[in-house]
Every structure is written in structure tokens, then in C-alpha cells.
Amino acid sequence: MEQAKESKPFLFLGLPLPIALGVVFVIAAWLGICIALTQLNEISTSVRQIQANQQVAIALQQSLDAQAIERRAGVR
């Protein structure tokens, strides 16, 4: 008589394949979210720096405009 062979599930990382793939997927998704959050933080920092530079540029332009007006007023 032949012995009945039990089918053993294919193991990956010591776990059945569907569970191992689920674990790998969750880890990959978590890493993706962490990377995206890091990039968003860098973008936010860049936007704040751009806004600060824009405010400095506006202040400088207003100062130059005021100086030009004073020069024109002094010439008359």
C-alpha cells in the first residue's frame, strides 16, 4: 500500500507562502509610507524657506521703491 503523503505548504521565511507574502507586503507598504512622509516633510521645509525668501524679496523691493521715490522727490 502506498502511504498517503500530506501536502506541506510551501514555506517562505518560515511561514506559509500567503502569510509570508502578506507580511512582506505590509512591511513594504509601511516603508513606502515612511518614505512618503519624509519627502512631504522635506517639501514642507522647502516651501517654508521659499515663503521666507519671498518675504525678504518683497521687503527689499519695497525698500528700493521707497529709495527711488525719495530720490525723485529730492530731484524736484
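Over all distinct alpha-carbon pairs, what is the Kirkwood Rh of the chain in angstrom? If you can, show how the numbers build up before the last one.
Details: mean 1/r = 0.0529 Å⁻¹.
Kirkwood radius, the chain: 18.9 Å.
Name the residues whose placed amide hydrogens come within less than 5 Å of the amide hydrogen of residue 12, ignoring near sequence neighbours (fewer than 5 apart) on the same chain.
When sequence neighbours closer than 5 places are left aside, the close amide H contacts are 17.
Which value, in debye to the nearest 20, describes the size of the charge dipole of the chain about its Cα centre when Lys and Arg Cβ atoms bear +1, Asp and Glu Cβ atoms bear -1, and nothing else is charged?
Working: 6 positive and 5 negative charges, 89 e Å.
Value, rounded to 20: 420 debye.
Can you give me the distance in nm between label points at residue 12 and residue 61, each placed 7 Å from the Cα along the Cα-to-Cβ direction?
So the two model labels end up 5.7 nm from each other.
Taking 0.36 nm per intervening residue step and subtracting the Cα-Cα distance, what contour gain separates residue 30 from residue 46 on full extension?
On the way: separation 16, 0.36 × 16 = 5.76 nm, distance 2.44 nm.
Extending this stretch completely gives an extra 3.3 nm.
Projecting each Cα onto the charge dipole of the chain (Lys/Arg +1, Asp/Glu -1 at the beta carbon, about the Cα centre), which of 53, 66, 16 comes out farthest on the positive side?
66
With angles folded into 0 to 90 degrees, how steeply does helix 17-75 sit against the dominant principal axis of the chain? Use alpha carbons for both and round to 10.
Approximately 0 degrees, to the nearest ten.
Every read-out reported here was derived from the displayed coordinates using simple, explicitly stated rules and does not represent laboratory data. Since the model is a prediction, treat every value here as computed from it, not as a measurement. Virtual Cβ from ideal backbone geometry, glycine too; neighbours counted across all protein chains shown.
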